[in-house]
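FYI, it's all coordinate maths here, none of it is from the lab. Predicted, not measured: the structure shown is a model, and the values here were computed from it. Every residue, glycine as well, gets a Cβ built from its backbone with ideal geometry; the counts of neighbours run over all protein chains shown.
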Amino acid sequence: MGKIEAADGHGKVKGICGDTMEIFLKIKDDLIVDARFITDGCGPSIVCGGTVTELAKGRHTRDAFKINAEKILDELGGLPEADQHCAKLAADTFHQAITNYLKVKKEL
């Protein structure tokens, strides 16, 4: 958990429940070497943010982009139906961070 100063990729999404999540990526040669998050959300949001960042570390951006809400839920062994939107929030924020990295990289 926490911010990465001078992150290579950053995403910030507000979920349907009002929780906000931010994900910060440190990337070298398209390999995610560090991933961290912050959220003002509930326990399930924190767990999903932690899970997506752990799943991302050590993966190439193209492979990591395949991480979705279903993969997060599988990794966690599921969540109650009322909390499953937290996995979508984490996945959407993560995808935005990768997309941000790819846009910035292309512009350079």
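Observations
- Relative contact order, percent, segment 43-108 [alpha-carbon distance under 8 Å, six or more residues apart]: 39 percent
- Were the residues from residue 54 through residue 16 laid out at 0.36 nm apart, the gain over their Cα-Cα distance would be 11.3 nm.
- Simple label model, 7 Å out from Cα along Cβ direction - residue 74 to residue 106, nm: 2.8 nm
- Segment 1-98: relative contact order as a whole-number percent, Cα under 8 Å and 6+ apart: 31 percent
- 3J(HN,Hα) along segment 5-22: 5, 6, 5, 7, x, 9, x, 9, 9, 9, x, 5, 8, x, 5, 10, 10, 10 Hz, from the Karplus curve 6.51 cos²θ - 1.76 cosθ + 1.60 with θ = phi - 60°, whole Hz, x for Gly and Pro.
- Pairs beyond 22 Å (Cα-Cα), from 71/103; 66/105; 26/103; 14/105; 71/106: 71/103; 14/105; 71/106
- With 0.36 nm allotted per residue and the present C-alpha distance subtracted, the residue 82-residue 33 stretch has 14.4 nm of extension available.
- If you take the Cα centroid of segment 64-108 and the Cα centroid of segment 10-47, the two points sit 8 Å apart.
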